[in-house]
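FYI, it's all coordinate maths here, none of it is from the lab. If you're wondering where the values come from, they're calculated on a predicted model, not measured in any experiment. Counting neighbours? That spans all protein chains shown, and the Cβs are built from the backbone with ideal geometry, glycine included.
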Amino acid sequence: MTISTFRRPLLTAVATAACLGPLPAPAEATGRGCDRSTAILQARLTELRYRSGSLDGCSGPATRAAVQAFQKAQGLTADGDAGPLTRRALRSPTRPSAQSSAPGRHAEIDLRRQLLLVVRDGEVRRIYAATTGMAGYRTPTGSYRISRKEPRSWSSEYDVWLPWASYFDSARGLAIHAGDVRPQPASHGCVRVPAVFAEEIYGLLPPSTKIIVR
């Protein structure tokens, strides 16, 4: 059986479950690593504004990144695995809020919870996991603007490519880019975002977009 064969039943299950009741533990697989439990998980995360990719019931990098973001927001171990504590928290979660209610779109970097929030007219529309600067390289707080964008940027200081880089502090060479997202601060000051969503985030932050690091 192909994935497309059972994708429709999985989506129907999501709709009928309403996503607000207790989330079931991992259920019996319906094929190729996809199951109803994962479909319900994806729908609930999407409802809460965590980007989780397709609602197909098939766990992959996008779903794991969404789970990790949710775990960071709730103060849980951010390992990307939707275990019992994570599923329990999904029933009545803490919801990240925006610091600024300015009209239009901007992004906020939450240093305490290690999140990137995309905000429009004061409402948090999308939530992504992030990794900011470690001790000695703390990402500086403040208000910035996207000043330069490079789909594939080279860091001569660290000899590494920075895919989908949106620079918000060119003087310090700080950008939002694809990278290894960890539970704790680990970068040299840049804001790393999951590779699976990096291009999407890049497109959401055109030049001059306001970036608030808080």
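Here are the numbers for the structure shown:
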| read-out | value |
| --- | --- |
| Ala171-Glu199 pseudo-label distance in nm [points 7 Å out on the Cα-to-Cβ vector] | 3.5 nm |
| Phi-based couplings in Hz for the stretch 193-202 (Karplus 6.51, -1.76, 1.60; Gly and Pro marked x) | 10, x, 4, 5, 10, 4, 5, 4, 5, 4 |
| Net lengthening on full extension, Arg95/Glu150 (0.36 nm per residue, minus Cα-Cα) | 16.6 nm |
| Distance between modelled label sites at Arg105 and Val160, nm, 7 Å Cα→Cβ extension | 2.7 nm |
| Estimated FRET transfer efficiency (Arg120, Thr141; beta-carbon r; R0 22 Å; 0.05) | 0.50 |
